[in-house]
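First up is the structure itself, then whatever we jot down about it.
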Amino acid sequence: PDFLAVEMRRGKVALLWDLGSGSARVEYPDLQIDNNKWHRIHATRFGKTGTLSIEEMNSNQKPSPKSGTSLGTASILDVNKSTLMFIGGLGGQIKKSPAVKVTHFKGCLGEASLNGKSVGLWNYVEREGKCNGCFG
């Protein structure tokens, strides 16, 4: 099935997607984000092209976007009203793509948005594990 994922592995961020013609991956090698500082991650996918940029907050360094293109002819991410969205990890019963290496997140997530709309991080349907929030 189609998917879009952002994962952090060993302090590096990657954008992964599969539109039905095989998975693609863009890694952002320029910046470690496991340094106890806030970062803004901007991940986009338009057609077969995925782009990832990361900036450390309160830094003067401008991010340099990294892009990649998926193989094959598929260019649309198949989603519908029953498509699930996971933030912070995948539930144990979810079948994941072999391309996804990390199924959990350890760290703080301040905010998230999808297509320009804010995603309520505390308006979840289901939760696994314990989370007291970043500021608790």
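Read the figures in this text as sums done on the coordinates, not as results from a lab. These figures come from a predicted structure and were not determined experimentally. Note that we place each Cβ from the backbone using ideal geometry, even for glycine, and neighbour counts take in every protein chain shown.
Summary of values
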{"item": "Inter-probe distance in nm under a simple model that places probes 7 Å from Cα toward Cβ, at THR83 and CYS131", "result": "2.0"}
{"item": "At R0 = 35 Å, FRET efficiency that the Cβ-Cβ distance of TRP122 and SER21 yields, to 0.05", "result": "0.45"}
{"item": "Estimated inter-spin distance, ARG10 and GLU55, nm [label 7 Å along Cα→Cβ]", "result": "2.8"}
{"item": "Relative contact order of the chain, defined on C-alpha pairs under 8 angstrom at six or more residues apart (%)", "result": "19"}
{"item": "Backbone HN-Hα couplings from phi across the range 33-38 [Karplus 6.51/-1.76/1.60, Hz, Gly and Pro as x]", "result": "10, 9, 10, 6, 10, 7"}
{"item": "Values of log10 I(q)/I(0), in the order q = 0.11, 0.12, 0.16, 0.22 Å⁻¹, for the range 3-119 under a Debye, Cα-only, solvent-free model", "result": "-0.37, -0.44, -0.81, -1.51"}
{"item": "Proximal lysine pairs, the range 2-136, alpha carbons under 18 Å, eight or more residues apart or interchain", "result": "10"}
{"item": "Exposed-loop-free span, longest in the chain, where GluC sites (Glu not before Pro) count as exposed if DSSP calls them loop and at most 15 other C-beta atoms lie within 10 Å", "result": "1-110"}
{"item": "For the range 72-136 versus the range 1-66, the gap between their alpha-carbon centres in whole angstrom", "result": "14"}
